[in-house]
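Shown next, in structure tokens, is the structure this report addresses.
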Amino acid sequence: MKIRHIGTFCAILFSSFSFIAQAQQEGVGIGTSSPNPHAILDIVSPANNKGVLIPRLTTSERTSMGGNLSTTDNGLLVYDSDVSGFFFWNGTAWSSVTVVQDLELTGNELRITNNGNATAIDLSAFTGTNTDNQQLSLAGTDLSITGGNSVDLSALQDGVDDADNDPQNEIQDLQLVGNTLKITNNAAATDIDLAPFSGTNTDNQTLSLSGTDLTITGGNTINLSSVQDGVNDADSDPTNEIQNLSSASSGTNRTININGGTGTTFSVADNDNNSTNEIQTISKSGSTVTLSAGGGSFTDDVNDADSDPANEIQTVSKSGNTVTLSGGGGSFSVADSDNSATNEIQVLSKTGSTVSLSNGGGSFTDDVNDADNDPANEIQTISKTGSTITLSGGGGSFTDDVDDADNDPGNEIQTVSKVGNTVTLSGGGGSFSVADSDNSSTNEIQTISKTGSTITLSGGGGSFTDDVDDADNDPANEIQTVSKVGTTVTLSGGGGSFSVGDNDNSSSNELQTLSIVGSTLSISSGNSVSLPTSSSTKDAFKAYFGNATTGFSNGTTQLRPDKKTYDLAGSYDESNFQYKIIARGVFAISGVLLLYQDGTTNEPVDIIIFVDGSERFRKRCSYVTAGGSANSVALEFSFENYFSGGEVVEFALDHKGSSKTLVGGDDTKSYISGRLALEDN
């Protein structure tokens, strides 16, 4: 584009000045125009697929080279191809770039650092107190211990807490949730829906149909088989036809219609003429319960859901062995519920280690402290004092001289300690020196430090004065600071200064500024140009599908317009129905096609755009309705593509069904156009 050429021109003008200042101020960049400000050399791989090759020497070549080096060559780096490793000159000898490793403990895992493939050692088995810290928990009658089993304590329960052993006649209560009345202590009890007794005094009834039986809630059921019509089924029997009911309501009137039959309207204010079974509303104010529609009222002084004093809710109380039922229900003794002296209810108790059973059941000493009488599986307590582990209950003791979970002295836990350069492993594990990781005295790890301008290398590495404040002793490549005041640029350290009012004496290559307003591009001290934009007159081509309809059968078929135009040095192949685009740039291809099916089946149709014979765009018109032009569907689409010039564009329809698809309509309703959106000159 024209903008690209102007931008390239400006970049060339500016680069001659910026390169010198950038190199002096920011260092040298290879592969980048913005080197790291803290690096004297910044190398970047533009495609992220290249590296830096350090000089490669054999061991003999490296050794020979060392004879010519001194302390001024500190930091010199080479790659030894014989041993596949990097070496640097430390001032007196070559040092290998080795990796210092250490131990790292994360959670219970012990690892060796700087080795992603190192095996992690799980130390969780050696943590804790080596004692059983267990917890008891009770859920219902199940008693559980952590790390152990559960026992059912239901056998220790003492009675049924009522007057008999029959679970079918327990004391129950009524519970109202919303409009639903429930009875407690009976999961199988039927819930009573009280919704019909709330709200207004009208009949809110529901019709339901099962087969030919029509049922109304609160009323009766009638058989509708006599109103069935037709034989629209698989036999000739008119008495078993399938029919559909529909209903409509208006106030208290309900109209029932049956397909093929005669509807009927009736009032649902009541479903019969019997005044003795009307739907009524029950309400309660205080202890007074009132039934609407003259149903009367009564005082709910028995605190239950009816007026029957023979089934009142009563309260059971127990004093000693006497159970009393309130409301004159009498009392009785629960010392026993039968006349057998051999199955009495007894109470189990425990005091210390003595377990007693009431009513002459005797007692025994619970000296095994468990749930059976087997002294061979008693629960014992383990404790540790120092290295001595003791098991209660005569379990004996032993010395934990291996301090682990087994008796194997070959896998004991040991402690690593370091004093100076000596690493010691406890338990007779020996020790070794980490002063160096090899036996060579020429590649020792050293520490560099700086005090003021004096830099010192440990291990007899010597020291020097950093009077040039950089990484070498060469005063010819010192770091300098560039500053600018007005149009004068000054370089510190005696680097001089110069004016940047202009970088030369030519008035024909001045720095200029680009600006754009709308589609107008301007350059300072220069002219302005209008950028190309989309235009309604810039159609590379336009295909019309006018009043004459075009039919296509099943499959992919090329679209053939009945009228077409083209410009921008384009062309049209009359025999192959192809547009050839000569102009370069981005084209927006869009349009609308009026499609309809000449048949009886609704079927999907795709619009396809081909560029140089390859499909570039496809859009589905999910279903085109059958029935001719009266049921036409407008398929709109939009597609953008860059053309470098010379490409051939074709259009086609892909018919997914067997019906004939037609394209038609006037020129304003059915067309395809390719418009130049952005020109590339």
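The values are calculated or read from the model by the stated rules, or taken from the named source; none is laboratory data. From a predicted model like this one, the values you see are computed outputs, not experimental measurements. Because the Cβ atoms are built from the backbone with ideal geometry, glycine has one as well, and the counts that use them run over all protein chains shown.
Can you tell me which residues in region 590-638 are of a type outside the set (S, T, N, Q) and over 30 Å from L676 (Cβ atoms)?
Residues satisfying the conditions are Y596, D598, G599, E603, P604, Y623, V624, A626, G627, G628, A630.
Restricting attention to region 461-491, which residues are modelled with pLDDT of 70 or more, surrounded by 12 or more Cβ atoms within 10 Å (Cβ to Cβ) and closer than 27 Å to D73 by Cα?
The answer is G461, G462, S463, F464, E478, I479, Q480.
For every residue, the table says whether it meets (1) of a type in the set (V, I, T); (2) free of Cβ contacts under 8 Å to residues at least 12 places away in the same chain; (3) in contact with a Cys (Cβ under 9 Å, 6 or more places away or on another chain).
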residue	(1), (2), (3)
R620	no, no, no
T625	yes, no, no
V633	yes, no, yes
E636	no, no, no
A652	no, no, no
H655	no, no, no
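Kindly indicate which of A341, A310, A305 is more than 30 Å from L291 (Cα to Cα), of a type outside the set (K, R) and at pLDDT below 75.
Sole residue among the options that is more than 30 Å from L291 (Cα to Cα), of a type outside the set (K, R) and at pLDDT below 75: A341.
Name the one entry in Y544, Y596 that is surrounded by 13 or more Cβ atoms within 10 Å (Cβ to Cβ), in the same structural domain as F617 (by TED's automatic domain parsing), in contact with a helix residue (DSSP H, G or I) (Cβ under 7 Å, 6 or more places away or on another chain) and at pLDDT 70 or above.
Y596
Name the strands (runs of 3 or more DSSP E) wholly within region 94-146 that hold at least 3 residues that are at pLDDT 75 or above?
Here the list reads 94-96, 136-139, 142-145.
Here is a check on your reading of the model: is G66 surrounded by fewer than 14 Cβ atoms within 10 Å (Cβ to Cβ), at pLDDT 85 or above, more than 30 Å from T513 (Cα to Cα) and not aromatic (F, W, Y)?
Against the criterion (surrounded by fewer than 14 Cβ atoms within 10 Å (Cβ to Cβ), at pLDDT 85 or above, more than 30 Å from T513 (Cα to Cα) and not aromatic (F, W, Y)), G66 does not qualify.
Which one is nearest to A583 (Cα to Cα), of the residues in region 640-681 that are of a type in the set (K, R) and assigned to a strand (DSSP E or B)?
Here the answer is R675.
Looking at L678, L635, which one is in contact with a Ser or Thr (Cβ under 9 Å, 6 or more places away or on another chain), under 24 Å from K542 (Cβ atoms), at pLDDT 75 or above and aliphatic (A, V, I, L, M)?
Answer to the check: L678.
Among the residues of region 321-338, how many are surrounded by 11 or more Cβ atoms within 10 Å (Cβ to Cβ) and either in a strand (DSSP E or B) or at pLDDT below 70 (or both)?
Residues meeting the conditions: 11.
Please verify whether region 610-633 includes one or more residues that are surrounded by 15 or more Cβ atoms within 10 Å (Cβ to Cβ) and of a type in the set (D, E, K, R).
Checked region 610-633: no residue is surrounded by 15 or more Cβ atoms within 10 Å (Cβ to Cβ) and of a type in the set (D, E, K, R).
Which of (1) modelled with pLDDT under 70; (2) assigned to a loop (DSSP other than H, G, I, E, B) is the odd one out, the single condition A187 does not satisfy?
(1)
Scan region 609-618 and tell me whether some residue there is of a type in the set (A, V, I, L, M, F, W, C) and within 17 Å of T550 (Cβ to Cβ).
No, the conditions are met nowhere in region 609-618.
Give me the pairs: first residue in region 241-252 and surrounded by fewer than 10 Cβ atoms within 10 Å (Cβ to Cβ), second residue not in a strand (DSSP E or B), beta-carbon distance under 7 Å, and six or more apart or on different chains, which are they?
If the second residue must be not in a strand (DSSP E or B), the pairs left are N244/N259.
Select from region 28-54 the residues that are outside any loop (DSSP other than H, G, I, E, B) and of a type in the set (D, E, K, R) and list them in ascending order.
Within region 28-54, just D42 meets the criteria.
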